[in-house]
Amino acid sequence: MNLNEIKKQYDHLGDRNEQVGIPINYFLFHLDETFSKSSDKLLADYLESYSDVRKWIIVSDYVIGDKKKPNDTVVFSIIPGDADIEKIFSTIDRMAPVDIKKNKRSQR
């Protein structure tokens, strides 16, 4: 079930002040809609390629409502839980030597 299907369950409440369930920020509906277009398949393929992994690390970063930024941004990174974290940090430091927030373009 995606978020829009969940939202439909509560649309009948209209503007009443009833509180039902958990609060969901509306940006999540847009995120869910965008994700469902192709990323869900890409994620499923990624997870399938690591079918032996039973534990995952999910890291997230958000910029929401910052007037100094041109867009709201949400980033999720999914890392196999048995990965060597120090090696990952070292790889990130090597590949992205500048804080991505200060970087104007992608490095390859």
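Using the structure shown, decide if Asn17 is surrounded by 10 or more Cβ atoms within 10 Å (Cβ to Cβ) and at pLDDT below 70.
Details: surrounded by 10 or more Cβ atoms within 10 Å (Cβ to Cβ): no; at pLDDT below 70: yes.
Taking the combined requirement at face value, the residue does not satisfy it.
Which ones in the range 85-107 are modelled with pLDDT under 85 and surrounded by 10 or more Cβ atoms within 10 Å (Cβ to Cβ)?
The initial filter retains those residues of the range 85-107 that are modelled with pLDDT under 85, namely 85, 88-89, 91-107.
Answer for the range 85-107, where residues must be modelled with pLDDT under 85 and surrounded by 10 or more Cβ atoms within 10 Å (Cβ to Cβ): Ile85, Ile88, Phe89, Thr91, Ile92, Ala96, Ile100, Asn103.
The values are calculated or read from the model by the stated rules, or taken from the named source; none is laboratory data. None of these values were measured; they are calculated from a predicted model. Ideal geometry is used to build each Cβ from the backbone, glycine not excepted, and the neighbour counts take in all protein chains shown.
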